[in-house]
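K.L.:
Here it is, the structure in full.
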Amino acid sequence: MFFQTLLQALTSTNTWHATLEFAALIVLPALGGVISERSGVVNIAMEGMMLAGAFASVIVTLAAHNAGINDLFSILLGVLAAILAGGLMALIHAVVSINFKANQIVSGIAINIIALGLTSYLVFVLTPAGQGVPSLPGNLRLPAPSLGPLANIPFLGPVLFQQNILFYIALLILIGTQFFLFRTNIGLRIRAVGEHPQAADTAGVNVRLLRYLCVVSSGLLSGLAGAYLALGVAGIFNPGMTNGRGYIALAAMIFGKWTPLGAAIACLIFGLGGGLGITLEVLSNSPNLTSLFNTLPYLFTLIAFVGIVGRSTPPAADGIPYEPGSE
């Protein structure tokens, strides 16, 4: 009976639509992590950056709408606020890690904790009687573009061509990041800084500036993912709503061996866990199994980690603070 249900889930368009949606959601912070760690700065704070982005996107969208601003511009302002919020959290991480040479893992954990506590507190303070942020109406959510006849193609139409607009933006960012890191001079410099910052410095590369830009870029992408989650997928902000997705992005980055395409493949694998969980929950029609099915993405992540421990090698200078003139 279970295998019949599993086969039905695997052939369902709902499963694969949700798989791509989940994958696009986590590929954005994963790409940010790749950029940051390729420059030599460990970033495990994507969870907090996503959460800050999700909060900022909803609060700013609602505030702009209540101020009488056009719905589309309200959404755009919300997305921009999410990107800036993620970038601000990343800037804090960059200052602590690069200027003060603090332990980068501890800094990342601290940012995740701060983001969770701060957004929970602000929700209580900014909403009437601390009742939480209301659900967004459909006109204040990120739209799915109309792709005409493509959306009506059997199976492929619902899976590929009825996605949220940020899905297609994430795909473009993925292609652009792969090209940027491995086909441009600045991408070469980023990789050089992450492998041997002393040699890069000797060649005239501003190591600190490049690391700053890469860490902040990771925050911008994570903030965008937060907007995708809040404005595109959930339509609401709840404290802790990222629910470990930033850590899954971290796992995807490692699984993908610090390359954009490798991370994207890992995101698809983890996304399949999320898609299967959603469809199996519906097909089983058993509330008691809901929590079990919701663990599938994390189970896939755990299996991936077990399979790659000791087999993935990060950039040589990853996590090592750089001091000019040091070896």
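K.L.:
Just to confirm the number: angle between the C-alpha axis of helix 245-255 and the first principal axis of the chain, 0 to 90 degrees, nearest 10?
P.N.:
60 degrees
K.L.:
Next question. Can you give the FRET efficiency for residue 152 and residue 8, using 1/(1 + (r/R0)^6), R0 = 30 Å, r = Cβ-Cβ distance, to the nearest 0.05?
P.N.:
0.85
K.L.:
Still on this structure, I have one more. Let me check something: with ligands and nucleic acids excluded, how do 184, 301 order by accessible area (1.4 Å probe), largest to smallest?
P.N.:
184, 301
K.L.:
Please report the accessible area of residue 124 (heavy atoms, 1.4 Å probe, ligands and nucleic acids excluded) in Å², nearest 10.
P.N.:
130 Å²
K.L.:
Dividing the alpha-carbon Rg of the range 151-248 by 2.2 N^0.38 Å yields what?
P.N.:
My calculation over the Cα atoms of the range 151-248 gives 1.44.
K.L.:
Ignoring ligands, DNA and RNA, how do 58, 125 rank by accessible area with a 1.4 Å probe, largest first?
P.N.:
These residues rank, largest area first, as 125, 58.
K.L.:
Heavy atoms only, 1.4 Å probe, whole protein assembly: order 80, 283, 181 by accessible area, highest first.
P.N.:
Ranking 80, 283, 181 by accessible area, largest first, yields 80, 283, 181.
K.L.:
Please identify, among 188, 77, 231, the residue showing maximal mean-square fluctuation in a Gaussian network model of the chain using a 10 angstrom Cα cutoff.
P.N.:
188
K.L.:
With every protein chain left in place and a probe of 1.4 Å, what is the accessible surface of residue 312, to the nearest 10 Å²?
P.N.:
20 Å²
K.L.:
How far is helix 165-183 tilted, in degrees, relative to the longest principal axis of the Cα atoms in the chain, given as a value from 0 to 90 rounded to the nearest 10?
P.N.:
Helix 165-183 sits roughly 20 degrees off the main axis of the chain.
K.L.:
For residue 99 and residue 67, calculate 0.36 nm times their separation in residues minus their Cα-Cα distance, and state this gained length in nm to one decimal.
P.N.:
That pair, residue 99 and residue 67, stretches by 7.5 nm at full extension.
K.L.:
What does the accessible area of residue 323 come to, in Å² to the nearest 10, when a probe of 1.4 Å is used?
P.N.:
Its heavy atoms expose roughly 90 Å² to the probe.
K.L.:
Say a paramagnetic label sat at a point 7 Å from the Cα of residue 144, along Cα to Cβ; which residues of the range 18-38 have their backbone N under 11 Å from it?
P.N.:
Output list for this probe position: 18, 21.
K.L.:
If I build a Gaussian network model for the chain, linking alpha-carbon pairs within less than 10 angstrom, which residue out of 36, 218, 146 has the largest mean-square fluctuation?
P.N.:
Of 36, 218, 146, the most mobile in the Gaussian network model is 146.
K.L.:
Enter the accessible area per residue of the chain (Å², integer; probe 1.4 Å; all protein chains in place).
P.N.:
I get 46 Å² per residue for the chain.
K.L.:
Can you tell me which of 259, 11, 279 moves the most in a GNM of the chain? Springs connect C-alpha atoms under 10 Å apart.
P.N.:
Among 259, 11, 279, the largest GNM mean-square fluctuation belongs to 11.
K.L.:
I want the local charge near residue 270. Using Cβ-Cβ distances under 14 Å, sum +1 for each Lys or Arg and -1 for each Asp or Glu among the other residues.
P.N.:
Within the 14 Å Cβ shell, the charges total 0.
K.L.:
Let me ask something else. Please give the peptides 157-168, 61-72 ranked by average Cβ packing (other Cβ atoms within 10 Å per residue), highest first, as a rough proxy for protection.
P.N.:
157-168, 61-72
K.L.:
Additional query: Ignoring ligands, DNA and RNA, what percent of the accessible area of the chain is carbon or sulfur (1.4 Å)?
P.N.:
69 percent
The values are calculated or read from the model by the stated rules, or taken from the named source; none is laboratory data. Fair warning: this is a prediction, and the values are worked out from it, not measured in the lab. No Cβ is skipped: glycine too gets one built from the backbone with ideal geometry, and neighbour counts run over all protein chains shown. Accessible surface areas use protein heavy atoms only, side chains included; no ligands, DNA or RNA. Shrake-Rupley method; radii C 1.70, N 1.55, O 1.52, S 1.80 Å.
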